[in-house]
Amino acid sequence: MSDEPEEEPEAEPEELPPYVIENARSGRAKCKTCQRKIDADALRIGVLVEGRFGQGYMWHHLNCGAKRMMDQVEEAYAQEAWLNAKVPPDPEDLPTLEKLRTLAEKAEVEREKKEKAKKTIPYAEIAPSNRSKCKQSGEPIEKGAVRIILGMEAHFGNQTRVSPYAVLPRYLEQALMEPDMGTEEEGLAEALRENSRDIDPELLEQAIAEAGL
Ligand SMILES: [Zn+2]
């Protein structure tokens, strides 16, 4: 890279600072948070890491860094890490810590929401449309009907991936006998009660009874 320091064999290896905040000197680095290119001149934060070939910086857009690792951004600000840049940016041009903390908090709320929205297999739910089919029977599942989502396993080498397998309650017994079925009958009713949060408990109990659990 053109902006690498010249080699000086006699000099002691320089101690690299743990953080650098700067305007990107080229558009070549990729943000380790969002995986997008960091445009030349965009504000970025470098975190010193010990790699296979020695020390180097992992770069993030400054805003991305705040969203992902605010503690480190706080440290970098406390150390005035912009002074470590070859061409230090004017601190006036940097976002305030206050602003970055707000970004970090919003990102945290988003992560929590996603975590909550993630459903744990097995679960039961109300079909939101007429478009799905019972995987076991091929019958269409009507909008508003209860469907039970089981886990079907697929094997790739020594990895196992579980994918959702939606069935009508009356085909549940049959589905459980599928060779790659990852959901077991034992404890299934309890698991459905535990994991199915968006469904009327009465409807859930009817479905459990219909499924023969
Ligand atoms: Zn980014």
#### Entry: For the range 19-116, diffusion coefficient by Stokes-Einstein and Kirkwood Rh (Cα), 20 °C, 1.002 mPa s, µm²/s
155 µm²/s
### Task
Please identify every one of the trypsin sites (Lys or Arg not before Pro) in the range 56-87 that sits in a loop by DSSP and has no more than 14 other beta carbons within 10 Å of its own beta carbon.
K86
### Query
Expressed as an acute angle from 0 to 90° and rounded to the nearest 10, what is the orientation of the C-alpha long axis of helix 201-211 relative to the principal long axis of the chain?
60 degrees
### Query
For the range 70-144, what class follows from the C-alpha gyration tensor (a ≥ b ≥ c being the square roots of its eigenvalues): rounded when a/c is under 1.5, otherwise prolate if a/b is larger than b/c, else oblate?
prolate
#### Entry: Residues of the range 64-88 with amide N under 12 Å of a point placed 7 Å along Cα→Cβ from E108
67-71
#### Entry: Stretchable slack from Q174 to K133, in nm (0.36 nm times residue separation minus alpha-carbon distance)
13.2 nm
### Summary
Computed Rg/Rh for the range 123-211 (Cα atoms; Rh = Kirkwood radius) stands at 0.97
### Task
Would you mind calculating the relative contact order of the range 152-202 from Cα pairs under 8 angstrom and at least 6 residues apart, reporting the percent as a whole number?
29 percent
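Would you please name the trypsin sites (Lys or Arg not before Pro) within the range 91-130 that are DSSP coil residues with at most 12 other C-beta atoms within 10 Å of their C-beta?
K118
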### Query
Which ordering of I121, I141 is given by a fewest-first count of other beta-carbon atoms within 10 Å?
I121, I141
### Task
Mind jotting down the three principal axis lengths of the chain based on Cα atoms? Whole angstrom, largest first.
78, 40, 29
### Query
Hey, with R₀ at 30 Å, roughly what FRET efficiency would R52 and D90 work out to, going by the Cβ-Cβ distance, to 0.05?
0.25
### Query
Taking the inverse of the average 1/r across all pairs of different Cα atoms in the range 22-63, what Kirkwood radius in Å do you get?
10.3 Å
## Note on the structure
Among G182, G54, G65, the residue with the largest mean-square fluctuation in a Gaussian network model of the chain built from Cα contacts under 10 Å is G54
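Laboratory data are not the source of any read-out in this text; all were calculated from the coordinates shown. Computed from a prediction, not measured in an experiment: that's the story for all the values here. Here the Cβ is made from the backbone with ideal geometry for all residues, glycine too, and neighbour counts use every protein chain on show.
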